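Enquirer: One structure is given below, represented as structure tokens, and several questions about it will come after.
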Amino acid sequence: MSRPRKAPDPTRHTPCARCHEAYSPAVLWPEGVICGYCYMAAKRFHGTCVICQHDGIVPGITPQGRTCRTCSGITLNVGCTECGAEEELHSKGRCWRCVLKDQIRQTLTGPTGQIPDKLAPLAAALGDMARPNTVRAQMH
Ligand SMILES: [Zn+2]
Ligand SMILES: [Zn+2]
Ligand SMILES: [Zn+2]
């Protein structure tokens, strides 16, 4: 899965504030220049913020632990435009659950673009399944 990294190039790039390698920079965060690899890693890092206890994406790194976007001052586009979930986005600004829901809808709809009445309960059930809170609630 992992693509081979391009060699760092100190003659062209400022070393990354996190990995200290001169990879091609992706963003400028309060701590300094962040390379594309560290940026992707931060975007995927889930946890609990050590300052406000926010549970979600915690891109900030402090000596005390990870911090959320608000506390770290890091701007990161990780909110799904459809459901608002803090997730790594799958496509067009939406999380994979919303993309999945859309695919279910498209699969079940006929040429009219409407879900046939007899398939509506199935579509709803599949949509619910795609929602993380529902899945979690059922496990209790
Ligand atoms: Zn880096
Ligand atoms: Zn926080
Ligand atoms: Zn979503």
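The values are calculated or read from the model by the stated rules, or taken from the named source; none is laboratory data. Here the structure is a predicted model, which means the values were calculated and not measured. Don't worry about glycine lacking a Cβ; one is built from the backbone with ideal geometry, like all the others, and counts go over all protein chains shown. Heavy atoms of the whole protein, side chains included, go into the accessibility calculation; ligands, DNA and RNA do not. Shrake-Rupley method; radii C 1.70, N 1.55, O 1.52, S 1.80 Å.
Enquirer: Could you list, in sequence order, all residues of the range 19-34 that are out of contact with any strand residue (DSSP E or B) (no Cβ under 6 Å at 6 or more places or on another chain) and part of a loop (DSSP other than H, G, I, E, B)?
Expert: C19, H20, E21, A22, S24, P30, E31
Enquirer: Please verify whether the range 35-43 includes one or more residues that are in contact (Cβ under 8 Å) with a residue 12 or more places away in the chain and either within 16 Å of ligand 3 (Cβ to nearest atom) or touching a helix residue (DSSP H, G or I) at 6+ places or on another chain (Cβ under 8 Å) (or both).
Expert: Within the range 35-43, one or more residues are in contact (Cβ under 8 Å) with a residue 12 or more places away in the chain and either within 16 Å of ligand 3 (Cβ to nearest atom) or touching a helix residue (DSSP H, G or I) at 6+ places or on another chain (Cβ under 8 Å) (or both).
Enquirer: Now a separate question. Which residue pairs have Cβ atoms closer than 6 Å, lie 6 or more positions apart in sequence or on different chains, and pair a first residue in the range 70-88 that is in contact (Cβ under 8 Å) with a residue 40 or more places away in the chain with a second residue that is open to solvent by 50 Å² or more (accessible area, probe 1.4 Å) and part of a loop (DSSP other than H, G, I, E, B)?
Expert: G73/P30; E88/R44
Enquirer: How about the range 116-134: which of its residues are within 22 Å of C80 (Cβ to Cβ) and either open to solvent by less than 60 Å² (accessible area, probe 1.4 Å) or modelled with pLDDT of 70 or more (or both)?
Expert: A123, A124, A125, L126, G127, D128, A130, P132, T134 - these are the residues of the range 116-134 that are within 22 Å of C80 (Cβ to Cβ) and either open to solvent by less than 60 Å² (accessible area, probe 1.4 Å) or modelled with pLDDT of 70 or more (or both).
Enquirer: Let me ask something else. State whether one or more residues within the range 90-99 are in a helix (DSSP H, G or I), more than 16 Å from ligand 3 (Cβ to nearest atom), modelled with pLDDT of 85 or more and open to solvent by 80 Å² or more (accessible area, probe 1.4 Å). First the steps, then the outcome.
Expert: Restricting attention to the range 90-99, the residues satisfying the condition of being in a helix (DSSP H, G or I) are 96-99.
So of that shortlist, the ones also more than 16 Å from ligand 3 (Cβ to nearest atom) come out as none.
No, there is no match, as no residue in the range 90-99 is in a helix (DSSP H, G or I), more than 16 Å from ligand 3 (Cβ to nearest atom), modelled with pLDDT of 85 or more and open to solvent by 80 Å² or more (accessible area, probe 1.4 Å).
Per-residue answers, yes or no, for (1) open to solvent by less than 40 Å² (accessible area, probe 1.4 Å); (2) closer than 13 Å to R18 by Cβ; (3) within 17 Å of the chain's Cα centre (by Cα); (4) within 15 Å of ligand 2 (Cβ to nearest atom):
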residue: E31; (1), (2), (3), (4): no, yes, no, no
residue: I34; (1), (2), (3), (4): yes, yes, no, no
residue: C38; (1), (2), (3), (4): yes, yes, yes, no
residue: G47; (1), (2), (3), (4): yes, no, yes, yes
residue: Q53; (1), (2), (3), (4): no, no, no, yes
residue: P59; (1), (2), (3), (4): yes, yes, yes, yes
residue: R66; (1), (2), (3), (4): no, yes, yes, yes
residue: C71; (1), (2), (3), (4): no, no, no, yes
residue: V78; (1), (2), (3), (4): yes, no, yes, yes
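Enquirer: Write out, first by first residue and then by second, each pair whose Cβ atoms fall under 8 Å of each other, whose residues are 6+ apart or on separate chains, and whose first residue, in the range 107-118, is at negative phi while the second is at pLDDT below 75.
Expert: Final answer for the pair search is P116/G110.
Enquirer: Same structure again: Please determine whether any residue of the range 10-18 is outside any helix (DSSP H, G or I), open to solvent by less than 80 Å² (accessible area, probe 1.4 Å), among the charged types (D, E, K, R) and out of contact with any Asp or Glu (no Cβ under 7 Å at 6 or more places or on another chain).
Expert: Checked the range 10-18: at least one residue is outside any helix (DSSP H, G or I), open to solvent by less than 80 Å² (accessible area, probe 1.4 Å), among the charged types (D, E, K, R) and out of contact with any Asp or Glu (no Cβ under 7 Å at 6 or more places or on another chain).
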